[in-house]
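The values are calculated or read from the model by the stated rules, or taken from the named source; none is laboratory data. Keep in mind it's a predicted model, so treat the numbers as computed, not measured. FYI the Cβ positions are ideal-geometry reconstructions off the backbone, even for glycines, and counts take in every protein chain you see. The area values use the complete protein model at the heavy-atom level, side chains included, leaving out ligands, DNA and RNA. Shrake-Rupley method; radii C 1.70, N 1.55, O 1.52, S 1.80 Å.
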Amino acid sequence: MSTYLGMPSVHPMPEHTPDEPLRWGPSFPAAAHDTLRDPQLRVNLRKATHTIRDKRLAVTAELPDWEDLRDAGSGIKAAAMAALPELLEQLEASVQARGGQVHWARDAAEANRIVTGIVQATGAREVVKVKSMVTQEIGLNEHLAAAGIEATETDLAELIVQLAGDMPSHILVPAIHRNREQIREIFDARMGDAPDGLTSDPAALAAAARAHLRARFLRAQVAVSGANFAIAQTGTIGVVESEGNGRMCLTLPRTLVTVMGIEKVLPRFEDLEVFLQLLPRSATGERMNPYTSTWTGVTPGDGPQEFHLVLLDNGRTRALADEIGRTALHCIRCSACLNVCPVYERTGGHAYGSVYPGPIGAILTPQLLGIGGLDPHDPAASLPFASSLCGACYDACPVKIDIPTALVHLRDRVQHPEGRRSRPSGWAAALGLVALSMRSGRTFRWAGRVVPVLSRVLPRRVRRLPFPGSLWTASRDLPPLPRQTFRDWWSAR
């Protein structure tokens with residue numbers, strides 16, 4: 001959707017585009033261990049995420065019915081997921097009735113074959129693309145390149161990532177890990193037609209990208225897009241963006257191919273009234289998107305004369321079958337959860353090893369891959385544990401996805417696949433004692449009296465404890481214990 005020209009300098013990333021965009025690199029703990037060594041990364045991520053976060057808070061505070069809008073969005077998405085098969089069939093009929101063609105893809109390989117076949121049938125050797133998470137999910141650009149077709153990303157941040165041979169590190173701002181000077185170097189080395197003497201001034205970088213893309217817009221015969229929304233009632237597809245590149249892709253080429261995750265369908269056109277208020281405020285902190293494009297099938301003499309809609313499953317029906325985990329399919333890709341997450345803010349997006357980083361990626365990626373059957377040592381199996389469970393993501397989510405509850409649920413599925421319970425362990429015994437202390441107010445009060453006693457034994461922050469306490473201090477400190485319980489403090493006042 002946009003880029004932020006002023007971001008981090010150094011941090012680990014894949015050496016080349018991975019074969020599995022949903023799963024690349026080591027586990028989250030191993031990757032985060034490396035990224036946490038870069039203090040500049042944390043400083044710059046904090047600056048960027050807090051800037052977007054503050055803008056979001058300002059524009060959502062303007063609406064007296066913001067919470068009602070969130071409830072409405074949550075309700076619409078829940079109803080859509082409950083009636084997904086019927087809505088998809090209705091969408092197919094509506095698109096076909098208006099001159100479009102619909103294709104069904106069970107997985108990434110099938111979607112790639114379909115899109116490549118459509119492009120080859122036109123005789124085109126290049127396509128222009130609107131920013132699309134789902135085409136990154138399936139590795140479409142690489143599949144097209146293997147067939148001799150050049151795909152050009154036209155969103156500025158996506159273009160930076162593509163030219164660098166990189167992976168996105170944020171849903172909304174995929175080049176957030178690159179700073180201005182790095183972007184200038186990438187343009188100089190990879191763009192081919194970058195102007196001489198290009199500086200790192202944001203306006204100069206944007207002008208260079210605009211000139212680079214203009215010729216491609218004018219000669220492209222095929223465009224590929226994702227979809228923010230699709231309306232079952234009318235067959236209308238919608239894309240929102242901030243730069244105008246999407247509008248060029250959606251109107252100039254003769255053939256338009258939209259690849260859409262099946263969860264993006266909405267029942268009625270009126271539902272856009274809710275989501276076109278929720279999405280821009282949550283994503284970019286704007287009251288409305290600068291460019292909102294909608295199209296319905298084919299209109300003779302106006303815009304693309306051939307329209308293909310590819311409906312992608314790729315693990316979504318598997319996620320749909322999980323009563324709790326399915327809430328990840330409610331996501332509208334605003335990235336608000338990333339911008340408030342203390343874990344993402346410190347580790348960055350590449351530590352998640354997936355095109356879907358942050359809190360939503362921690363519950364979406366494992367389900368798309370089939371978390372119930374994942375080996376506990378699979379890198380994706382570590383993602384549900386990449387959270388402090390602070391709940392900030394739930395408070396920020398415009399459609400009220402309860403990410404903390406989903407994380408706990410998926411953690412249990414990783415630990416106990418297919419419902420199998422593991423053998424007793426020291427960790428389980430310790431948690432059992434904690435659970436016992438919290439079963440009633442009386443037991444919790446007596447358990448709390450132990451803490452002031454321990455505070456005399458451990459008066460300061462502890463960085464190392466003997467076993468079994470070392471299991472805790474190996475990855476975190478033990479903070480100073482309070483000398484007084486809250487109950488005692490309250491009683492004294």
Amide H within-cut-off set for Ala151, under 5 Å, with H built and near neighbours excluded: Val127
FRET efficiency, Trp66 to Arg46 (Cβ-Cβ, R0 22 Å, nearest 0.05): 0.30
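Step by step: find N for region 180-309, compute 2.2 N^0.38 Å, then divide the Cα radius of gyration by it. What's the final number?
Details: Rg = 17.3 Å, N = 130, 2.2 N^0.38 = 14.0 Å.
That ratio works out to 1.23.
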Sites Glu286 and Thr405 - FRET efficiency at Förster radius 35 Å, r taken between beta-carbons, to 0.05: 0.70
Of all DSSP beta bridges in the chain, antiparallel share, percent nearest 5: 30 percent
Accessible area per residue, Å², the chain with all protein chains present, probe 1.4 Å: 46 Å²
Within the chain, helix-based [θ] at 222 nm, where runs of 4 or more DSSP H residues each add -39,500 (n - 2.57), nearest 500: -13500 deg cm²/dmol
Inter-probe distance in nm under a simple model that places probes 7 Å from Cα toward Cβ, at Ala97 and Arg125: 4.2 nm
Label point at Met133 placed 7 Å out along Cα→Cβ; residues across region 257-284 whose backbone nitrogen lies under 20 Å: 258-267, 272-284
Virtual spin-label span in nm between Leu57 and Arg445, 7 Å along Cα→Cβ: 3.7 nm
Estimated vicinal HN-Hα couplings, Hz - region 331-338 in sequence order (Karplus 6.51, -1.76, 1.60; Gly, Pro = x): 4, 10, 6, 8, 6, 4, 5, 5
³J(HN,Hα) computed for each position of region 77-86 - Karplus, 6.51 cos²θ - 1.76 cosθ + 1.60, integer Hz, glycine/proline x: 5, 5, 5, 5, 5, 5, 10, 4, x, 5
Estimated vicinal HN-Hα couplings, Hz - region 442-459 in sequence order (Karplus 6.51, -1.76, 1.60; Gly, Pro = x): 5, 5, 5, 5, 5, 5, x, 6, 6, 4, x, 5, 5, 5, 6, 7, 10, x
Amide H partners (placed H, <5 Å) of Glu306, local residues excluded: Leu256
Size of electric dipole in the chain: Cβ of Lys, Arg +1 and of Asp, Glu -1, about Cα centre, debye, nearest 20: 2520 debye
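Could you work out the longest stretch of the chain that avoids the GluC sites (Glu not before Pro) located in DSSP loops with at most 13 other Cβ atoms within 10 Å?
Working: sites that count: Glu15, Glu62, Glu323.
That gives 63-322 as the longest site-free run.
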Computed lengthening from Met438 to Leu471, 0.36 nm per intervening residue step minus Cα-Cα distance: 9.6 nm
Val462 long-range amide H proximity, modeled H, under 5 Å: Leu478
Label-point separation, Arg493 to Leu458 (7 Å along Cα→Cβ), nm: 2.6 nm
Between helix 426-437 and the chain: long-axis angle, C-alpha atoms, 0 to 90°, nearest 10: 70 degrees
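So how many Lys-Lys pairs in the chain land under 17 Å Cα to Cα, not counting same-chain pairs under 8 apart?
Values: Lys47/Lys55; Lys77/Lys264; Lys77/Lys400; Lys131/Lys264; Lys264/Lys400.
Taking the chain as the scope, the lysine pair count is 5.
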